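J.: Mind having a look at this structure? Questions to follow.
The values are calculated or read from the model by the stated rules, or taken from the named source; none is laboratory data. In this text the structure is predicted, and so the values were computed from the model without any measurement. Here the Cβ positions follow ideal geometry from the backbone for every residue, glycine too, while neighbour counts run over all protein chains shown.
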Amino acid sequence: MNYRHGYHAGNFADVLKHTALCELLRLLTAKDKKLFVLDTHAGAGGYDLAGDLARRTGEADAGIQRLAAAPRAGMPEAVGRYLAAVAAYDRKFGPDRDGLRRYPGSPRLVRVGLRAGDRFIACELHPDEALALKREFAGDRAVEVRQADGYKVLKALLPPVERRGLVLIDPPFEVTDEYERLLRALRQGLRRFATGCYAVWYPIKDGTAGAFVREMAAFKPLVLELRLDGVAPGKLAACGLAVINPPWRFEEAMREALPWIAARLGPGVSWAVDAAIATPAAPVSAG
Ligand SMILES: C[S@@+](CC[C@H](N)C(=O)[O-])C[C@H]1O[C@@H](n2cnc3c(N)ncnc32)[C@H](O)[C@@H]1O
C-alpha cells in the first residue's frame, strides 16, 4: 500500500468528487429522516497543501487553488457551498491568506453535511492514514473511524437500520484486482441495499476506463466526468464519478456546476454529465 492521498489532495479529481459529495449530502439530508453514510476509503481526513507531498506534485495548484482564486461571478450554488466548506476548514488552521494551506478530505466534507442523529463510518486501511484520520476526528462522537477494509465493512453493514444511506467508494486503484473487488462489493451492496445512493470514483487513463465502465453501466449510474487535455502519458488525464440512485435534483445541480468548474480549471478541461456511462472510446460530450 504505497498510495498517499496527500500527493493528490485538492487536484481536479478531488474537485469533481468533493463538489458532488457535498451536494449529495445536502440533498440527502433535506428530508427529515436519518441518514447513514459510509466512506469506504476515507484517507487521512485533511491535507497540508504547503507540505512536502502536495508540493512535490503541485496538483492542487491546478485544482482547488485555481477554483478558490476564481472570480465568483455566476458561481453555481453547489460550487459555492463546496468552496465555503473548503475555506472554513482552511481557516481553522490560520487566518485568511493568499491561497489555501489546508484541504479537507471526503470525511471532513461529509462531517459538514451531517445532522444530529445521522450516522457516519469512515474506513481507512493504511495504518498511518488511519491514525491521522483518528486524530482528525478525536473527540468527535458523530464520526466513527475504523482502520478496516472498506469493502468488508460495506458488506457487513448494509442495509443500514436507517434505510437511507450514502456510500462513497474511492479506492486508490493501485492493485490490479481493485476493479473486481469494487464491482463485487457494489453488487453485494446493491443486493442488500438496493435503494442506497452509491458514489464511485474511477480513473480514466489513456482516454478510457476500459471494461470497468461497461460493467458499471449495468447499475445505471449518473456519470460525471472531467478531462484534461495535454496531460503527459501515464498521468491521470481524466476521471469519473458514477452515482447510483442519485437524489432528485442532483443531476440538475451537476449540469450547472461542472461547466463552471471546467472553465475555471482552464482551457482544455472538458466535462460530461451523462445519464448513461460513456462507451470507453467515445469522445466526451459537453453535456
Ligand atoms: C483516494 S484515497 C481516499 C481519498 C478520500 N476519499 C478523499 O476524497 O479525501 C484512497 C484511500 O484508500 C485507502 N485504502 C486502500 N485500500 C483500502 C481498503 N481496502 N479499505 C479501506 N481503505 C483503503 C488508501 O490507504 C487511501 O488512503
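J.: Checking Val110 against (1) surrounded by 13 or more Cβ atoms within 10 Å (Cβ to Cβ); (2) near the ligand (Cβ under 10 Å from one of its atoms); (3) at pLDDT below 95, which test does it fail?
T.: It fails just one condition, (3).
J.: Let me ask another. How about segment 57-103: which of its residues are of a type outside the set (A, V, I, L, M), in contact (Cβ under 8 Å) with a residue 60 or more places away in the chain and not in a helix (DSSP H, G or I)? Break it down into steps so the answer makes sense when it comes.
T.: Restricting attention to segment 57-103, the residues satisfying the condition of being of a type outside the set (A, V, I, L, M) are 57-59, 61, 63, 65-66, 71-72, 74, 76-77, 80-82, 89-99, 101-103.
Narrowing the set further to residues that are in contact (Cβ under 8 Å) with a residue 60 or more places away in the chain leaves 63, 66, 74, 76-77, 82, 103.
Gly63, Gly74, Pro76, Tyr103, listed by residue number.
J.: Within segment 138-156, take every residue that is in contact (Cβ under 8 Å) with a residue 60 or more places away in the chain and of a type outside the set (A, V, I, L, M, F, W, C) and give me the one that is farthest from the ligand (Cβ to nearest atom). Give the steps one after another, and end with the answer.
T.: Restricting attention to segment 138-156, the residues satisfying the condition of being in contact (Cβ under 8 Å) with a residue 60 or more places away in the chain are 145, 150-151, 153-154.
Pick out the ones that are also of a type outside the set (A, V, I, L, M, F, W, C) and you get 150-151.
On the way: Gly150: 4, Tyr151: 6 Å.
Looking at the filtered set, the residue picked out is Tyr151.
J.: Among the residues of segment 229-236, are any touching a Ser or Thr at 6+ places or on another chain (Cβ under 8 Å), touching a residue at least 12 places away in the same chain (Cβ under 8 Å) and buried (at least 23 other Cβ atoms within 10 Å of the Cβ)?
T.: First pass over segment 229-236, keeping only residues touching a Ser or Thr at 6+ places or on another chain (Cβ under 8 Å): 229.
In the following step, the residues that additionally are touching a residue at least 12 places away in the same chain (Cβ under 8 Å) were identified as 229.
Still in the list and also buried (at least 23 other Cβ atoms within 10 Å of the Cβ): none.
For segment 229-236, residues touching a Ser or Thr at 6+ places or on another chain (Cβ under 8 Å), touching a residue at least 12 places away in the same chain (Cβ under 8 Å) and buried (at least 23 other Cβ atoms within 10 Å of the Cβ): absent.
J.: Another one. Looking only at residues that are surrounded by 18 or more Cβ atoms within 10 Å (Cβ to Cβ) and farther than 21 Å from Glu251 by Cα in segment 205-228, which one is modelled with the lowest pLDDT?
T.: Taking the candidates together, the pick is Ala209.
J.: In this structure, does Asp149 turn out to be surrounded by fewer than 21 Cβ atoms within 10 Å (Cβ to Cβ), out of contact with any strand residue (DSSP E or B) (no Cβ under 8 Å at 6 or more places or on another chain) and not hydroxyl-bearing (Ser, Thr, Tyr)? Spell out the reasoning first.
T.: Numbers: surrounded by fewer than 21 Cβ atoms within 10 Å (Cβ to Cβ): yes; out of contact with any strand residue (DSSP E or B) (no Cβ under 8 Å at 6 or more places or on another chain): no; not hydroxyl-bearing (Ser, Thr, Tyr): yes.
The answer is no for Asp149.
J.: Starting from residues that are in contact (Cβ under 8 Å) with a residue 60 or more places away in the chain and among the acidic types (Asp, Glu), keep the ones in segment 163-177 and report whichever is farthest from the ligand (Cβ to nearest atom).
T.: Among them, the one singled out is Glu174.
J.: Additional query: Could you grab the pairs with beta carbons closer than 9 Å, sequence gap of 6+ or different chains, first residue in segment 255-270 and free of Cβ contacts under 8 Å to residues at least 12 places away in the same chain, second one among the aliphatic types (A, V, I, L, M)?
T.: Ala263/Ala70; Ala263/Val269
J.: Determine, yes or no, whether Ala87 is away from the ligand (no atom under 11 Å from the Cβ) and either modelled with pLDDT under 95 or not aromatic (Phe, Trp, Tyr) (or both).
T.: Numbers: away from the ligand (no atom under 11 Å from the Cβ): yes; either modelled with pLDDT under 95 or not aromatic (Phe, Trp, Tyr) (or both): yes.
So Ala87 fits the description; yes.
J.: When only residues in segment 1-36 that are away from the ligand (no atom under 12 Å from the Cβ) and assigned to a loop (DSSP other than H, G, I, E, B) count, which is surrounded by the most Cβ atoms within 10 Å (Cβ to Cβ)?
T.: Within segment 1-36, the first condition is being away from the ligand (no atom under 12 Å from the Cβ), and the residues that meet it are 12, 23-36.
After this cut, where a residue has to be assigned to a loop (DSSP other than H, G, I, E, B) as well, the list is 29-35.
Values: Thr29: 19, Ala30: 11, Lys31: 10, Asp32: 6, Lys33: 12, Lys34: 17, Leu35: 22.
Per the criteria, the residue is Leu35.
J.: Further question on the same structure: Could you go through segment 124-137 and let me know if any residue there is more than 15 Å from the ligand (Cβ to nearest atom) and in contact with a Leu (Cβ under 9 Å, 6 or more places away or on another chain). Quick ask: steps written out before the conclusion?
T.: Filtering segment 124-137 for residues more than 15 Å from the ligand (Cβ to nearest atom) gives none.
Within segment 124-137 (the criterion being more than 15 Å from the ligand (Cβ to nearest atom) and in contact with a Leu (Cβ under 9 Å, 6 or more places away or on another chain)), the answer is no, since none of the residues qualifies.
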